[in-house]
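Visitor: Quick one: structure below, then a few questions.
The values are calculated or read from the model by the stated rules, or taken from the named source; none is laboratory data. Quick caveat: nothing in here was measured; it's all calculated off a predicted structure. Counting neighbours? That spans all protein chains shown, and the Cβs are built from the backbone with ideal geometry, glycine included. With ligands, DNA and RNA removed, areas are computed over all heavy atoms of the protein, side chains included. Shrake-Rupley method; radii C 1.70, N 1.55, O 1.52, S 1.80 Å.
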Amino acid sequence: MALVDIQVPDIGDFDEVGVIELLVKPGDIIKVEQSLITVESDKASMEIPSSHAGQVKELRVQVGDKVKEGSVLLTLEVAGAAGAAEPATPTAAAAAPVAAPASAPASPPTAAAPAGATPPAIPAQQPGPAMAGLPHASPSVRKFARELGVPIAQVKGTGPKGRITLDDVQAFTRQVMSGAMQTQAQAARAPAAGSAAGLDLLPWPKIDFAKFGPVERKELGRIKKISGANLHRNWVLIPHVTNHDDADITELEAFRVQFNKENDKSGIKVTMLAFMIRATVAALRKFPEFNASIDGEQLVLKNYFHIGFAADTPNGLMVPVIRDADQKGIVQISQEMAELAKKARDGKLAPAEMSGAGFSISSLGGIGGRYFTPIINAPEVAIMGVCKSRLEPQWDGKQFVPRLMLPLSLSWDHRVIDGAAAARFNLYFASLLADMRRIMM
Ligand code: CAO
């Protein structure tokens, strides 16, 4: 056994080059011609091969160092008699910068070198504008990626100037594997019909957040897991569009406040949402395709009026249903809504109380906001979102007058509904809230 210092060979026109990647580490057993480090000048990057075989005892350079011909890169323990390492002599061609296209194989020229010839440095890719858009990686990293079947264009480089390193390729592989396992687990849980199979998405980013600061982990609750999976499927599978509009509820709100005052002692409290549910029923009668579901190539139009409403609970979002809302008055709807919302918050809703809706309303009016994009509650085809009403100046033809305006956000399934119908639905819905006498017409 003998120790040999491996040096930088003649690297042509370059006086000094920067070490940008270490391709071996202490303890590695390496072969003659195996690439040891990648260096980069302002014109090209290249790999420096080993002139001997043996085991790496000590690395004598690190990333960021500047090296030149004769610099010692590492100490190698080699079998047989000791001897000074002969620096490899790169050929003129090897020292020339070569731009390697993303899909091109590494094609190390060492393979084509005549037997016994000193191994040349392997030219990698040329940095700079010519390489814009191409992944920045050395031939050995490309080869490694190719062997693993990794699409190198999708690997995020963490080396200098975004260079893709061996570690990056390995990290990408681990990420894909864990993503694939998650997808398999999800597929096992997902219903067969209407699955989102075929979406060729990147794996979810796997990040060690603790690197950036203290974190804590909390298991998602049961409701969140169930509603999250449903919302995700609906968001991905339904071509959503949202139309925004405003309803003038000045008179309606004044009436509601007056009514509640008159009935204060009875404990009855009617809510704006109850009026909206009645207005929804009237709008669904006029626009039946909003009270429908897709079933294969058919549209199922519903002759019943069960309206879901989103309820915010400590455990997550739930959607209780007011059944046969067309047969109920505002007071009854208000009372039922209060009971159902309480049950939802107490975690006592029965499955039957959350099923069968033909259309849903999501009200953030008690909280705030202007507009939002509610996600359709499949198999429904539309949902009305409302936010907090506020006094705004409105032009009455002669002057601006203060009016209480309710922001509306109607999301609809473009497979069933068109934009014109959605705009008409909003207009009609707003006209009903502006003057509820229209419901009787
Ligand atoms: N504009 C202004 N004020 C409004 C309003 C509106 N659009 N809607 C309600 N309010 C007022 C109410 O009048 C009430 O005030 P008063 O007590 O003075 O009368 C207050 O806000 C609280 O109302 P509320 O939210 O308790 O009652 P509600 O009938 O409006 O709503 C419910 C009931 C269950 C829908 C609601 O509590 C809730 O959970 N909303 C959240 C829904 C949600 O999370 N949607 C998002 C789904 S997507 O993640």
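Visitor: Cβ under 9 Å from ILE322's Cβ, ILE322 left aside: what net charge do those residues give with Lys, Arg +1 and Asp, Glu -1?
Guide: 0
Visitor: Can you send over the carbon and sulfur percentage of the accessible area for segment 291-441, probe radius 1.4 Å, protein chains only?
Guide: Looking at segment 291-441 in its full context, I get 54 percent from C and S.
Visitor: Mind checking segment 350-416 for trypsin sites (Lys or Arg not before Pro) that DSSP puts in a loop (not H, G, I, E or B) and that have at most 15 other Cβ atoms within 10 Å?
Guide: Those that pass, being in a loop and sparsely packed, are ARG370, LYS388, LYS398, ARG415.
Visitor: Take the alpha-carbon centre of segment 372-427, take the same for segment 1-79, and report the distance between them in whole Å.
Guide: If you average the Cα positions of each part, the centres end up 67 Å apart.
Visitor: Still on this structure, I have one more. What does the net charge come to around GLY369 if you take all other residues with beta carbon closer than 14 Å to its beta carbon, with K and R at +1 and D and E at -1?
Guide: +1
Visitor: Quick check: pseudo-label points 7 Å beyond the Cα along Cα→Cβ at LEU231 and THR373, how many nm apart are they?
Guide: Taking the simple label geometry, LEU231 and THR373 are separated by 1.4 nm.
Visitor: May I ask which of LYS218/LYS269; LYS68/LYS211; LYS261/LYS302; LYS25/LYS211 have a Cα-Cα span longer than 28 Å here? Mind showing how you got there, number by number?
Guide: Working: LYS218/LYS269 38 Å; LYS68/LYS211 36 Å; LYS261/LYS302 37 Å; LYS25/LYS211 25 Å.
From LYS218/LYS269; LYS68/LYS211; LYS261/LYS302; LYS25/LYS211, over 28 Å: LYS218/LYS269; LYS68/LYS211; LYS261/LYS302.
Visitor: I would also like to ask the following. Say R0 is 45 Å: what FRET efficiency, to the nearest 0.05, do ARG438 and LEU202 get from their beta-carbon distance?
Guide: 0.35
Visitor: Still on this structure: Over segment 297-410, what is the relative contact order in whole percent, taking alpha-carbon pairs under 8 Å and six or more residues apart?
Guide: So the answer I get is 21 percent.
Visitor: Would you work out the relative contact order for segment 240-440, in percent, from Cα pairs under 8 angstrom that are 6 or more residues apart?
Guide: 31 percent.
Visitor: Over segment 240-440, average the accessible area per residue using a 1.4 Å probe and give it in Å², no decimals. Provide the component values of the computation, followed by the final result.
Guide: On the way: 10000 Å² over 201 residues.
Ligands and nucleic acids excluded, the result is 50 Å² per residue.
Visitor: What are the trypsin sites (Lys or Arg not before Pro) within segment 1-70 that DSSP puts in a loop, where the Cβ has at most 11 other Cβ atoms within 10 Å?
Guide: LYS31
Visitor: Please check which bits of segment 372-397 a label hung off ASP295 would reach, taking the label as a point 7 Å along Cα-to-C-beta and the cut-off as backbone N under 16 Å.
Guide: Taking a point 7 Å out along Cα→Cβ of ASP295, the residues of segment 372-397 whose backbone N falls under 16 Å are 379-381.
Visitor: Next up: Among residues other than LEU410 whose Cβ falls under 15 Å from its Cβ, what is the net charge (Lys/Arg +1, Asp/Glu -1)?
Guide: -3
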